[in-house]
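I have placed the structure first, in the form of C-alpha cells, so that the comments after it can refer back to it.
What follows is calculated from the coordinates using simple rules that are stated; it is not laboratory data. These numbers were taken from a predicted model, which means no experiment stands behind them. Heads up, the Cβs are rebuilt from the backbone with ideal geometry, glycines too, and the neighbour counts pull from every protein chain shown.
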Amino acid sequence: MKVSLGVRTSNGTTANACWEIRTGATPGRAKLIELGITLAEATASVFGLGYPQAIGTTPTSPVDFLKIDPNDVLASGVIQSALAWDTGPTIPVAFFRRIALPATIGTGVIWTFPEGIVIPVSSSIVVWNLDTNAVADMYAVLEI
C-alpha cells in the first residue's frame, strides 16, 4: 500500500528538523519512495535527509499520511508527519541526501528511491535544516 502527504514547514532554524516522518509499532516499517522540496520563500537553503539519532518526542498535532487508494485499510497513527515537538529529533550522524537551493521561490528538488529507504518500526526519518532555511513545501510518498 502507498501513502503520501504534503506539508508546509514552519521551522527554518539551522540545526533543527523541519519535518519528521514517523512510523508506529503496527504494521511496522515503511519505505520512503519519493520526497520533494520546493522553497516557499526567497531564502537560500540547505537541507539534509537522514535518520535522527533520537526520534522527536510528543509531536505537536501529528498528521496521518493519506492513503493513495481510498479502498486500502490503514489505522490512524501508522505513518505520521510532525513539524513541531516538545523535544525535537536530534541531528542525523550522516545524510542520505543533501541539497543547497538558491534564494528563489519555487526552486526545488525531487529525490526518488526506487528500492525505498526503510524507516524502521517506531522510528523516523527527518529533513534537517543545515542552514537558516526558507519555509518550504514538501511531500513524501511511502510504501507500507
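Quick query: amide H of ALA44 versus all other amide H atoms, modeled in the peptide plane; which residues come in under 5 Å with a sequence gap of 5 or more or a different chain?
Counting only residues 5 or more places away or on other chains, the set is ALA103.
Counting just the Cα atoms, what span does region 2-143 cover along each of its three principal axes? Round to the nearest Å and put the largest first.
Cα spread of region 2-143 along its principal axes, largest to smallest: 41, 29, 27 Å.
Mind listing the Cα extents of region 91-144 along all three principal axes, in Å, largest one first?
Largest first, region 91-144 extends 36, 23, 15 Å along its Cα principal axes.
Can you tell me the order of 96-109, 16-29, 76-89, 122-135 when each peptide is scored by its average per-residue count of other Cβ atoms within 10 angstrom, highest first?
122-135, 16-29, 76-89, 96-109
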